[in-house]
Structure formats: C-alpha cells, structure tokens
1. Excluding Ile244 itself, calculate the net charge of residues whose Cβ lies under 15 Å from the Cβ of Ile244, where each Lys or Arg counts +1 and each Asp or Glu counts -1.
2. Between Val236 and Phe108, how many nm apart are label points set 7 Å from Cα along the C-beta direction?
3. Could you pull the accessible area for Leu197 with a 1.4 Å probe, rounded to 10 Å²?
4. What is the local net charge at Pro142, summed over the other residues whose Cβ is closer than 10 Å to its Cβ (Lys, Arg +1; Asp, Glu -1)?
5. Just to confirm the filter: which GluC sites (Glu not before Pro) across the stretch 160-210 are DSSP coil and have at most 11 other Cβ within 10 angstrom of their Cβ?
6. From largest accessible area down, sort Asp206, Asp155; use a 1.4 Å probe on the protein chains.
7. With Cβ to Cβ distances under 15 Å as the rule, what net charge do the other residues near Leu101 carry (K, R +1; D, E -1)?
8. Å³ per residue of the Cα convex hull, for the stretch 78-128?
Amino acid sequence: MSIRQAMSWLPLVSMFLLVAVSPQVSAGDAILPGIIVETNAEGQQEYSLTLQILALMSLLTVLPALLLMMTSFTRIIIVLSILRMAIGTNQTPPNQVLLGLALFLTLFIMAPVFTQINDEAIQPYLNDQADFVQAFEVAQQPLREFMLKQTRESDIELFAEISDQQELDGPENVPMQLLIPAFLTSELKTAFQIGFLLFVPFVVIDLVVASVLMALGMMMLSPMMISLPFKIMMFVLIDGWALILGTLATSFYT
C-alpha cells in the first residue's frame, strides 16, 4: 500500500479508534471530547470538536478533487496542454511547470472567491461567531456564484433531466451535486473551444511548411523539424504566453 493510500484511510481509522476508546473513558478524564451531536436552544445541531476535526481531515483527502471540479484549474491545464501539443514540443514545458503555472494562475483567479470565503465563513468560525455547519453553508455561496457564472444553462438542464429534477425555481436553488458536474462539463467545452482556436495558426504553419517541402521535392525531410522553429519564433514574437495567460484570466470574469 502506498503512502497516499494509507493517508486516505487515516480519517476512517481515527474515527474507529475514537469510537472504540470513548466508551471506556469517563467524561471527567477524557482528553478530547467524544463524538457528540447536540441540539442548541435555537434548534440547530452542534458538533463536538472531535467530530469537526474528523470532518476537516476527511475534507483534506478530497481537496485535489475539489480543486479540479470547483475552480478554474480544469480549463487552464487543458488549454496549456493543448497549446504544448499545438506547438509540437511534447515535453517542453514539462508537466511540473504546466501544473505549477496552472495552480498559481488558479489561485490568482480564485483570490476574490477565497477572500470572501475567509471573511464570511472561516474567520467567524475561528472567532466562535458561527458553528461548523453555518460556516460550511456560508462558504459554499461564493463558490456557487463563481460556478454558476461559468456554467451553461444547457448543461444544468441536462443533469437536471438525468436526476429527474425538472423544476428548479432559480440558480440559487440548484443543488451542489447537480451544479458541480454541470460546471465541469461546461469547463471542458470552453477549454476545447479555446484549444481549437489555438491550434489553427500552428496547423497553418505546418501546412505551409509541408507544401513548400513537397514543392522542393524534399519528401524525406520531416516537416516537423522545419516548422517547429518557426512556430516557436512566432509564439515568442507575439508574446504568446502573456496573451494566453491573460486571456485565460479574463475569460472567467467576462
């Protein structure tokens, strides 16, 4: 078993140990509070600190999936991968560079959303102004607004039809289990549309070089060897990286 697989089982093992040990420890001698769910005077449920820690540990295990499905990371990494294929440099930039670039550009794009989550959910929870459930519900709203702005109505209707939820009163009533796959589908469509537009000028260069070599009778010479320097030169002269990254950043707020 790998270290990553072992870490994914850590929350479940911790919960099992807490459940097994908690009946044997009295309330006065307990180091950590047990797994307790209480109802306060307002009728809302309150969870013990142990249960909240277990929930946070479980949330960390699915953090990569949340990063892929609920942020701008998917569109960015797909566009950068298609761009590398269009230029013809299969391993340049390497995968680590593309992933790092996509990650930090995602943090730049999502900074207003993360700031709003911190101000409205995390800080009130840390200052004991809201419980865990309230903070979790408030934290969803900025992400919902961001995803709704990027999601096509046709994709929402598709997954609503699949789940037999035909009647939705408005965008604010779209459940998260329906919004997340619709958002991811829309991001894939948008990323491939941008990738197609990026591919066209590089394909034109390949066609021109191949036609010239064919006219000169150099059929044994690979057109890729000749067109690659021209594609790199064109991309550098037009300041392609700044154009691509700037377009990706602004595409989320138009």
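1. Residues close to Ile244 contribute a combined charge of +2.
2. 2.2
3. 120
4. Result for the local shell: -2.
5. Listed in order of number, the matching sites are Glu167.
6. In descending accessible area the options line up as Asp206, Asp155.
7. Local charge sum for Leu101: +2.
8. Residue-normalised Cα hull volume stands at 74 Å³.
The values are calculated or read from the model by the stated rules, or taken from the named source; none is laboratory data. Being a predicted model, the structure only gives us computed values, none of them experimental. All Cβ positions, glycine included, derive from the backbone under ideal geometry; neighbour counts span all protein chains shown. Side chains included, ligands, DNA and RNA excluded: accessible areas come from the protein's heavy atoms. Shrake-Rupley method; radii C 1.70, N 1.55, O 1.52, S 1.80 Å.
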